[in-house]
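J.: Take this structure, written in structure tokens, and hold onto it; I'll ask about it next.
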Amino acid sequence: MLYVTTPEVYGREIKEVLGTVTGNVVQSKHVGRDIMAGFKTIFGGEIRGYTEMLTEARQEATQRAIAEAEALGADAIVNVRFTTSAIMQGASEILVYGTAVKLR
């Protein structure tokens with residue numbers, strides 16, 4: 001499955017728009033990661049535990065959007081966008097969305 005942030009796939013023509021597809025993951029913090037994050041806020045630097053957590057959540061959300069597009073019979077997802085939001089204290093959502101299309 002191709003997925004791109006551009007409105008079209010270079011060198012290919014969109015023959016049909018199938019609709020919007022989404023994939024999301026709500027991820028909560030882990031107590032151990034919170035303790036390490038607390039130390040990092042004092043000393044500075046990357047909080048690798050959170051980076052890894054968000055990377056995994058983004059990958060899972062992307063796979064869910066791809067699965068939704070495949071179920072529609074899409075060849076690609078165009079205009080892919082990623083967004084995050086806080087759901088509640090200690091939990092955030094990663095949302096991936098785009099337009100499923102059939103290519104010529």
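The values are calculated or read from the model by the stated rules, or taken from the named source; none is laboratory data. Note that the coordinates shown come from a computational prediction; the quantities given were computed from them, not determined experimentally. In this analysis, Cβ positions are derived from the backbone assuming ideal geometry, glycine residues included, and neighbour counts consider all displayed protein chains. Protein only, heavy atoms only, side chains kept; ligands, DNA and RNA dropped before computing areas. Shrake-Rupley method; radii C 1.70, N 1.55, O 1.52, S 1.80 Å.
J.: Whether any residue in the range 67-74 is surrounded by 18 or more Cβ atoms within 10 Å (Cβ to Cβ), modelled with pLDDT of 95 or more, out of contact with any Ser or Thr (no Cβ under 6 Å at 6 or more places or on another chain) and not in a helix (DSSP H, G or I) is what I want to check.
T.: Yes, there is a match, as at least one residue in the range 67-74 is surrounded by 18 or more Cβ atoms within 10 Å (Cβ to Cβ), modelled with pLDDT of 95 or more, out of contact with any Ser or Thr (no Cβ under 6 Å at 6 or more places or on another chain) and not in a helix (DSSP H, G or I).
J.: Name the residues in the range 12-22 that are farther than 13 Å from D75 by Cβ and not in a strand (DSSP E or B), would you?
T.: Of everything in the range 12-22, nothing turns out to be farther than 13 Å from D75 by Cβ and not in a strand (DSSP E or B).
J.: Please specify each residue of the range 83-104 satisfying the condition of being in a strand (DSSP E or B) and either exposed (fewer than 14 other Cβ atoms within 10 Å of the Cβ) or of a type in the set (S, T, Y) (or both).
T.: The answer is T83, T84, S85, A86, I87, M88, A91, S92, Y97, T99.
J.: Condition (residue is among the small types (G, A, S) and at pLDDT 95 or above) applied to the range 82-96: is it met by at least one residue?
T.: There is no residue in the range 82-96 that is among the small types (G, A, S) and at pLDDT 95 or above.
J.: For residues in the range 8-31 being open to solvent by 80 Å² or more (accessible area, probe 1.4 Å) and either on the phi > 0 side of the Ramachandran plot or within 17 Å of the chain's Cα centre (by Cα) (or both), which is modelled with the highest pLDDT?
T.: Top of the filtered list is T20.
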